[in-house]
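Participant: Sharing a structure, written as structure tokens. Questions coming.
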Amino acid sequence: MLIWAFITAFILSMVLTPMVIRLAHKMGATDKPNERKVHDKVMPRMGGLAIFASFFIAYVLFGGGFPNQLPILLGAFVIIIIGIFDDIYELRARTKFVGQIAAALIIVYWGGLEVEFINLPFGGQLDFGFLSIPVTILWIVAITNAINLIDGLDGLAGGVSSIALVTISVMALLQGDMFVATIALIVTGSTLGFLKYNFHPAKIFMGDTGALFLGYIIAVLSLLGFKNVTMISLIVPIIILGVPLSDTFYAIIRRLVNKQPLAAPDKSHLHHCLLRVGYSHSQTVILIYALAASFGLAAIIFSYATMWGAILIIGILLITIEIIVEKVGLVGSNYQPLLKMLSTAKNASGKNK
């Protein structure tokens, strides 16, 4: 059933995306080039509508036997409406934020999804108590926006999301969670079908309709699959989403360092930095795909590692992220504390010889 659900969603997306391209032009859902954009012509957006429609149809066909479906679907519907209006009218950031909060509240209060505690590595657990609902809402909104922030190159957000969804589905299958595995594979199929038209050179952008929907569904599935489990439970989805979360984290650091508003747009995200370093459009996207896949593999290994092995994996990932950040100038060209420290240590070692 899983394979058929994936194939059905993939084919539906391939068929529906050309229709959405025509619809986007008619509705005025287009993206015009400016100094922040990497494209140089007017492009249809709202492609996420094809992803969602494919997901919804395949979900009705293959996911109808699972409980607790309506809260997820209603939350997704709210997100899609917000995305469509933004792709057409370019809503204010505050309006989109309210819509994301509303979708999160639906899945939390109606769907009963809460991160009530996390297990600590040396025994015991940290109970969130009355903060469990705010923490859950914060997670959903943060992941939703993290996926939206990396949607800056043809095929980038769709590919990174697909890698995260495949990782989630694999881990769900290993845990025997067919519901999460089914939904994750259906969304993966819908997204990969869309990527045929979205990979460079793109014929359509997913827009906020797609980026917000993918961020929302990934956030919800990651909590459904990994909440309240062994080890530090939230570490697993954090590793899976290492690329978008790292990009978001360093974007916040960059804006604080430069004394800019946190919501201020810029051209210093990971994909922008790689383009400036000299990589082509396609090379940049594939390089970030490879990085996302590495995080996905690390998450799977982490979930089966011993405590000290898990700590070692986290340490390696953090050091790797920091080196990449400093090499490409994600915070700024002068931000190189680790590289400077390594250079100083190397020079000192050379003098001692």
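Participant: Among S13, S162, S132, which one shows the highest mean-square fluctuation when the chain is modelled as a Gaussian network with alpha-carbon springs under 10 Å?
Facilitator: For the chain, modelled as a Gaussian network with Cα springs under 10 Å, the answer is S132.
Participant: Under the rule of -39500 (n - 2.57) per DSSP H run of 4 or more residues, summed and divided by the residues of the chain, what mean residue ellipticity at 222 nm is obtained, to the nearest 500 deg cm²/dmol? Mind dumping the intermediate values first?
Facilitator: Working: 14 runs with 244 residues, N = 353.
Mean residue ellipticity, 222 nm, calculated: -23500 deg cm²/dmol.
Participant: How do L165, L342 rank when sorted from fewest to most other Cβ atoms within 10 Å of their own Cβ?
Facilitator: Going from least to most buried by this count: L342, L165.
Participant: Give me the compactness ratio for the range 246-298, meaning the Cα radius of gyration over 2.2 N^0.38 Å.
Facilitator: Values: Rg = 12.8 Å, N = 53, 2.2 N^0.38 = 9.9 Å.
Dividing the Cα Rg of the range 246-298 by 2.2 N^0.38 Å gives 1.29.
Participant: Now, a different point. Once the principal axes of the Cα atoms of the chain are found, what is the range along each, listed largest first in whole angstroms?
Facilitator: 68, 52, 37
Participant: Going by C-beta contacts inside 10 Å, put R45, R22 in order with the fewest on the left. Write down the numbers at each step before the final one.
Facilitator: Details: R45 27, R22 10.
So the residues, fewest neighbours to most, are R22, R45.
Participant: Take Y216, Y59 and order them by how many other Cβ atoms sit within 10 Å, fewest up front.
Facilitator: Details: Y216 28, Y59 24.
Final ranking by Cβ density, sparse to dense: Y59, Y216.
Participant: Follow-up. Are any of the pairs K259/K346; K32/K267; K26/K267 more than 22 Å apart by Cα-Cα distance, and if so, which?
Facilitator: Numbers: K259/K346 34 Å; K32/K267 16 Å; K26/K267 30 Å.
The answer is K259/K346; K26/K267.
Values quoted throughout were computed directly from the atomic coordinates according to the rules given, and no laboratory measurement underlies them. As the structure is a prediction and not an experimental result, all values here were calculated from the model. Note that each Cβ is placed from the backbone with ideal geometry, even for glycine, and that neighbours are counted across all protein chains shown.
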